[in-house]
Amino acid sequence: MTADNPFQRAKAQLKKAGIKAGFSAKELEVLAEVSAVHEKELSVTVSGEKIKLMAFRVQHNDSRGPFKGGIRFHPEVNMDEVKALAFWMSMKCAVVGIPFGGGKGGVEVDAKSLSEKEYEDVSRAYIRGMAEHIGPDRDIPAPDVYTNPQVMAWMLDEYEKIKKRKAPGVITGKPLALGGSKARDYATAQGGVFALKQAADLLDLPPFKTRVAVQGFGNAGMHAARILSGIGYKIVAVSDSKGGIYDEHGLDIKKLIDHKKATGKVLGFEHTKDISNEDVLELESEVLIPAALGGVITPQNAGRIKAKIIVELANGPITPEADDILYKNDVFVIPDILANAGGVAVSYFEWVQNNMGYYWEEDEVLEKLGQLMFKAFRAVYETSKRLSIDMRTAAFVVGARRILEAEKLRGNI
């Protein structure tokens, strides 16, 4: 049941952390409780016909600050998924130490079928439906699956028209011209790289001796490969939805990015061997970065993983059962709520800059992100060692303790 229902899986992760940390039944109840659920029926015109689309916004916990989380446009969006994502966002914000709680939103729509005008209409309709539930000091949405800075721009504009005032801090992930932050477009990957460098130091893996395989060559995977290649790591394999490529001598990532942009795929890149997405996971490499889909490392293939470090840039790429196998095999997993927290961290920086009306240069954003990720990694690693638990469970312990501290100070426990 937990593998099929994301919210049940999230609660199982929480229960596991609670047992290790000694949380009370009341504390677990508070941590699992969803603060608010908003469902709206949006009326939009698609292909000349008026249709109804279901839209969601889940607000999990705001004891540490306003709700925060993305909005996804996807035909399979459902309430259990959005609840789980909101819960994980609460944990992620707490782990990385930023003053937000978790939220998540979605519209049940096939984004690929929409024209640009229809895309805009759905974006604005979502804000009209949810405007009373969001705000710069209440709930701050951001991009997610099939939403991007342009969608955030339309949403910001619609919100400001409804409220009749400027409110750049209501949405993050905006274009720079509308108050976005520098480095936001590659922040998720950069945060993962900062975390990886700390794990590599612990395992004595210098860049020039470290081979990396990246499953998923979208935004996060592509930028991770680019950044790592630039600091001396050897990227030996990458894949996208159409298949993967391998070169034991290392890929020229700059040329590969140009090839991907020109052809829409990584297959066919010069001097490489074609491999499958499954092959990428099981290659001889020191580092594996799942950066695409959830649930790709399972009990069936976990025992064949050869990497010493896994960096979860994707959300939930390792199933709970596979987690146990990897831990027994001494694979160092940097869990998603730590590894991919760079995106929400720089979203926080964007919100801060919006509130100040003062904007930082890229170097300053990266310096602050590095400091944040360093502290978060150390807190999780030290907890894992102190309690003799895996890094994922340790991350949940760290995040849960910080939320519980806020709840206790507020008198809610």
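Across the stretch 358-371, which residue is nearest to the chain's Cα centre (by Cα) among those that are in a helix (DSSP H, G or I) and not aliphatic (A, V, I, L, M)?
Taking the stretch 358-371 and keeping what is in a helix (DSSP H, G or I), we get 362-371.
Right, trim to not aliphatic (A, V, I, L, M) and you get 362-364, 367-368, 370-371.
Numbers: GLU362: 21, ASP363: 22, GLU364: 22, GLU367: 20, LYS368: 19, GLY370: 17, GLN371: 19 Å.
That would be GLY370.
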*asked:* I'd like the full set of residues that are without any contact (Cβ under 8 Å) to a residue 40 or more places away in the chain and in a loop (DSSP other than H, G, I, E, B), limited to the stretch 275-299.
replied: SER276, GLY294, THR298, PRO299
_Residue satisfying condition, being of a type in the set (A, V, I, L, M), touching a residue at least 24 places away in the same chain (Cβ under 8 Å) and assigned to a helix (DSSP H, G or I), within set ALA199, ALA177_ = ALA199
*Scan the stretch 126-153 for residues that are surrounded by 19 or more Cβ atoms within 10 Å (Cβ to Cβ) and farther than 20 Å from VAL344 by Cα and report the count.*
4
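Which is in the same structural domain as LEU288 (by TED's automatic domain parsing) and part of a helix (DSSP H, G or I), of GLY250, GLY232, GLY221?
Details: GLY250 fails: part of a helix (DSSP H, G or I); GLY232 fails: part of a helix (DSSP H, G or I).
When all the criteria are applied, what remains is GLY221.
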*Which members of the stretch 199-236 meet the condition of being closer than 18 Å to ALA187 by Cα and aromatic (Phe, Trp, Tyr)?*
PHE217
*Do we find that SER63 is buried (at least 17 other Cβ atoms within 10 Å of the Cβ), farther than 22 Å from TYR146 by Cβ and of a type outside the set (Phe, Trp, Tyr) in this structure?*
yes
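If you take the residues in the stretch 167-186 that are of a type in the set (Ser, Thr, Tyr) and under 17 Å from PRO141 (Cβ atoms), which one is surrounded by the most Cβ atoms within 10 Å (Cβ to Cβ)? Give the steps one after another, and end with the answer.
Quick first cut of the stretch 167-186, residues of a type in the set (Ser, Thr, Tyr) only: 172, 181, 186.
Narrowing the set further to residues that are under 17 Å from PRO141 (Cβ atoms) leaves 172, 181.
Details: THR172: 29, SER181: 24.
Step by step, filter the stretch 167-186, then rank; the result is THR172.
Could you look through the stretch 91-119, keep only residues that are hydrophobic (A, V, I, L, M, F, W, C) and not in a helix (DSSP H, G or I), and pick out the one that is nearest to MET130 (Cα to Cα)? Please lay out each step first, then the result.
Initially, the stretch 91-119 is screened for residues hydrophobic (A, V, I, L, M, F, W, C), giving 91, 93-96, 98, 100, 107, 109, 111, 114.
Still in the list and also not in a helix (DSSP H, G or I): 98, 100, 107, 109, 114.
Values: ILE98: 24, PHE100: 19, VAL107: 12, VAL109: 17, LEU114: 21 Å.
Taking the candidates together, the pick is VAL107.
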*Which one is surrounded by the fewest Cβ atoms within 10 Å (Cβ to Cβ) among residues in the stretch 82-100 that are in contact (Cβ under 8 Å) with a residue 60 or more places away in the chain and among the small types (Gly, Ala, Ser)?*
GLY97
_Pairs where the first residue, in the stretch 120-144, is in contact (Cβ under 8 Å) with a residue 12 or more places away in the chain and the second is assigned to a strand (DSSP E or B) and basic (Lys, Arg), C-beta under 7 Å, 6+ apart_ = GLY129/LYS40; MET130/LYS40; MET130/ARG57; HIS133/ARG57; ILE140/LYS68; ASP144/ARG72
*Identify, please: which residue in the stretch 1-42 is in a helix (DSSP H, G or I) and among the charged types (D, E, K, R) and is, among those, surrounded by the most Cβ atoms within 10 Å (Cβ to Cβ)?*
ARG9
*Residues in the stretch 300-323: is at least one among the hydrophobic types (A, V, I, L, M, F, W, C), under 29 Å from MET89 (Cβ atoms) and over 23 Å from the mean Cα position of the chain (by Cα)?*
no
_Residues that are hydroxyl-bearing (Ser, Thr, Tyr) and surrounded by 14 or more Cβ atoms within 10 Å (Cβ to Cβ), drawn from the stretch 246-297_ = TYR246, THR272, SER285
*What number of residues within the stretch 43-60 satisfy the criterion of being loosely packed, with under 15 Cβ neighbours inside 10 Å and of a type in the set (Lys, Arg)?*
2
*Sort through GLU29, GLU49, GLU41 and tell me the only one that's without any contact (Cβ under 8 Å) to a residue 12 or more places away in the chain and farther than 30 Å from GLY97 by Cβ.*
GLU49
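Can you give me the number of residues within the stretch 325-357 that are assigned to a helix (DSSP H, G or I), in contact (Cβ under 8 Å) with a residue 12 or more places away in the chain and of a type outside the set (Phe, Trp, Tyr)? Spell out the reasoning first.
Initially, the stretch 325-357 is screened for residues assigned to a helix (DSSP H, G or I), giving 325-328, 336-339, 342-356.
Of the ones still in play, those that are also in contact (Cβ under 8 Å) with a residue 12 or more places away in the chain are 325-327, 336-339, 342-351, 353-355.
With of a type outside the set (Phe, Trp, Tyr) added as a condition, the list becomes 325-326, 336-339, 342-347, 350, 353-355.
Result for the stretch 325-357: 16.
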*SER123 fails exactly one of the following numbered conditions: (1) of a type in the set (S, T, N, Q); (2) within 15 Å of the chain's Cα centre (by Cα); (3) in a helix (DSSP H, G or I). What is the number of that condition?*
(2)
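The values are calculated or read from the model by the stated rules, or taken from the named source; none is laboratory data. Computed from a predicted model, the values in this text were never measured in an experiment. Glycine gets a Cβ as well: all are built from the backbone with ideal geometry, and neighbour counts include every protein chain shown.
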